[in-house]
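*Asks:* Shown below is the structure under consideration.
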Amino acid sequence: MQPSGASRLLYLVKMRRHRTQKLANPTIIVHGGAGDWPQNKHSIGLAGVRKAATRGFQILQQGRSAIRAVEVAVIEMEDNPIFNAGTGSTLNFEGKVEADAGIMDGRTLRGAGVALLHHVKNPISLARIVMEKTDHALLAGKTVERLGEVYGLPKANLRLPERVRQWKRAKRELENGSIKYFSRNLKLVHDKGRFFLGDTVGALAMDQKGNLAAADSTGGVSLKLPGRIGDSPILGAGLYADNKLGAATATGVGEIAMRLVVSKSVCDAMRSSTAQGAASKTVRDVTTLAGRGLGIVSLDRKGRYGVAHNTPHLCWAALTKDKGLVSKMVGIR
Ligand code: ASP
């Protein structure tokens, strides 16, 4: 039905604006964690992030939302056991999975995290349900798993034999005194990073309307105490997205990301700086204030992405129209 009078004029102005609106170039960047990636896993990790970036980018090219693109990219990595998220999550001190995930929509500033999940196949989809269907920004444990059941989310065994082997090895190291459990967290990450940081996943996207979104998912740090919740489901710490600033997600020692509110800090820095400038500055600040143990990917309002870390590796891939698919597993010592 066509409107009439003043509302018709408004309608025509809106339609015209809609037609002449320039579409943004869709962009996606994903990461597969800041842990110490052993050489023999580099190519599998890189293939995993490239596939996730490609899947997310396809969603953006179809004109669909940034929020759906980051969800799809993260699902891809949650289902890939090479990554410490969803199936293949690392194990806590008791040898159990307690997975966390978070998602945020930069258009509405709505976002939510879920934590301490044992058997939800795709924690990121549960985070999206909490964001869209509840009034909360963080839900943990059995109650939120029941919410997943109500919405028909599939369950899975997230605890894989490879992770059980890693967990047993880490426990032995702990018992023979070669790692001092969590008492000197940052030094441990430096010396024994492979035991403590997993291969958490994250994704940032800009859709054709210029909307930004962020998502992340993790089994958390290996040997964490039962009940420990990391940065990944916490808005501002593990992830943040605001159309007016940019989007960012962190990986590494969650306690650092929470204490320094890392993802929001990166977004604030993007007021006056590119995605790369903001990520590099924040990692420099983190190194000064808290030491090593953190990686960041960022995306600014113009669709430029940034990557910075002070951990041994950061496995990531980005896909844009201009630069195509770029991926790296950078090593620093
Ligand atoms: N940030 C995650 C956590 O602390 C771990 C990681 O990124 O590897 O739970």
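The values are calculated or read from the model by the stated rules, or taken from the named source; none is laboratory data. As the structure is a computational prediction, the values presented were derived from the model and not from experiment. In this analysis, Cβ positions are derived from the backbone assuming ideal geometry, glycine residues included, and neighbour counts consider all displayed protein chains. Each accessible area value is taken on the protein alone, full model and side chains, heavy atoms only, with ligands, DNA and RNA left out. Shrake-Rupley method; radii C 1.70, N 1.55, O 1.52, S 1.80 Å.
*Asks:* Give me a count of the residues in segment 40-60 that are within 19 Å of LEU212 (Cβ to Cβ), surrounded by fewer than 22 Cβ atoms within 10 Å (Cβ to Cβ) and over 16 Å from the mean Cα position of the chain (by Cα). I'd like the intermediate steps shown before the answer.
*Replies:* Keep residues of segment 40-60 that are within 19 Å of LEU212 (Cβ to Cβ), which gives 52-53, 55-60.
Add one more test, that the residue is surrounded by fewer than 22 Cβ atoms within 10 Å (Cβ to Cβ), and what stays is 55, 58.
Filter again for over 16 Å from the mean Cα position of the chain (by Cα), leaving 58.
The total comes to 1.
*Asks:* A further question on this structure: Tell me, which residue of segment 11-39 that is open to solvent by 60 Å² or more (accessible area, probe 1.4 Å) and modelled with pLDDT of 70 or more is nearest to THR249 (Cα to Cα)? Steps first, please.
*Replies:* The first filter runs over segment 11-39 and keeps only residues open to solvent by 60 Å² or more (accessible area, probe 1.4 Å), leaving 11-23, 25, 38-39.
From what's left, modelled with pLDDT of 70 or more: 22-23, 25, 38-39.
Numbers: LYS22: 27, LEU23: 25, ASN25: 21, PRO38: 23, GLN39: 25 Å.
Among those residues, the one meeting the criterion is ASN25.
*Asks:* Please determine, by comparing only the residues of segment 209-226 that are open to solvent by 10 Å² or more (accessible area, probe 1.4 Å) and modelled with pLDDT of 95 or more, which one is nearest to the chain's Cα centre (by Cα).
*Replies:* Selected residue: ASN211.
*Asks:* Related question: VAL114 fails exactly one of the following numbered conditions: (1) surrounded by fewer than 24 Cβ atoms within 10 Å (Cβ to Cβ); (2) part of a strand (DSSP E or B). What is the number of that condition?
*Replies:* (1)
*Asks:* As an exercise: evaluate VAL189 against (1) within 16 Å of the ligand (Cβ to nearest atom); (2) at pLDDT 90 or above; (3) over 30 Å from THR108 (Cβ atoms) and give the number of the one condition it does not meet.
*Replies:* (2)
*Asks:* What single numbered condition from (1) within 12 Å of the ligand (Cβ to nearest atom); (2) within 22 Å of GLY106 (Cβ to Cβ) fails to hold for LYS224?
*Replies:* Condition not satisfied by LYS224: (2).
*Asks:* So, in segment 236-251, of the ones that are within 16 Å of the chain's Cα centre (by Cα) and surrounded by fewer than 24 Cβ atoms within 10 Å (Cβ to Cβ), which residue ends up farthest from the ligand (Cβ to nearest atom)? Give the derivation first.
*Replies:* Kept after step one, since they are within 16 Å of the chain's Cα centre (by Cα), are these residues of segment 236-251: 236-242, 246-251.
When the remaining residues are screened for being surrounded by fewer than 24 Cβ atoms within 10 Å (Cβ to Cβ), the result is 236, 242.
Numbers: GLY236: 14, ASP242: 21 Å.
If we take residues in segment 236-251 being within 16 Å of the chain's Cα centre (by Cα) and surrounded by fewer than 24 Cβ atoms within 10 Å (Cβ to Cβ), then ASP242 is farthest from the ligand (Cβ to nearest atom).
*Asks:* Is one or more of the residues making up segment 124-131 modelled with pLDDT under 95, open to solvent by 10 Å² or more (accessible area, probe 1.4 Å) and in contact with a strand residue (DSSP E or B) (Cβ under 6 Å, 6 or more places away or on another chain)?
*Replies:* Taking every residue of segment 124-131 in turn, none turns out to be modelled with pLDDT under 95, open to solvent by 10 Å² or more (accessible area, probe 1.4 Å) and in contact with a strand residue (DSSP E or B) (Cβ under 6 Å, 6 or more places away or on another chain).
Each row is one residue, and each column tells you yes or no for (1) touching a Cys at 6+ places or on another chain (Cβ under 6 Å); (2) modelled with pLDDT under 95; (3) farther than 23 Å from ALA52 by Cβ; (4) open to solvent by 20 Å² or more (accessible area, probe 1.4 Å).
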position: MET258; (1), (2), (3), (4): no, no, yes, yes
position: SER263; (1), (2), (3), (4): no, no, no, no
position: GLY277; (1), (2), (3), (4): no, no, yes, yes
position: VAL283; (1), (2), (3), (4): no, no, no, no
position: ALA290; (1), (2), (3), (4): no, yes, yes, no
position: LEU294; (1), (2), (3), (4): no, yes, no, no
position: ALA318; (1), (2), (3), (4): no, no, no, no
position: LYS323; (1), (2), (3), (4): no, yes, no, yes
position: MET329; (1), (2), (3), (4): yes, yes, no, yes
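*Asks:* Considering each of GLY254, GLY230 in turn, give the residue that is within 16 Å of the ligand (Cβ to nearest atom), buried (at least 24 other Cβ atoms within 10 Å of the Cβ) and under 18 Å from VAL74 (Cα atoms). Explain how you work it out, then say what you get.
*Replies:* Details: GLY254 fails: under 18 Å from VAL74 (Cα atoms).
When all the criteria are applied, what remains is GLY230.
*Asks:* Something else: Across segment 61-83, what is the number of residues that are open to solvent by less than 30 Å² (accessible area, probe 1.4 Å), within 17 Å of ILE103 (Cα to Cα) and not small (Gly, Ala, Ser)? Spell out the reasoning first.
*Replies:* Taking segment 61-83 and keeping what is open to solvent by less than 30 Å² (accessible area, probe 1.4 Å), we get 66-67, 69-74, 77-78, 82-83.
Now narrow it down to the ones that are within 17 Å of ILE103 (Cα to Cα): 66-67, 69-74, 77-78.
Narrowing further to those that are not small (Gly, Ala, Ser): 67, 70-72, 74, 77-78.
Final tally of qualifying residues: 7.
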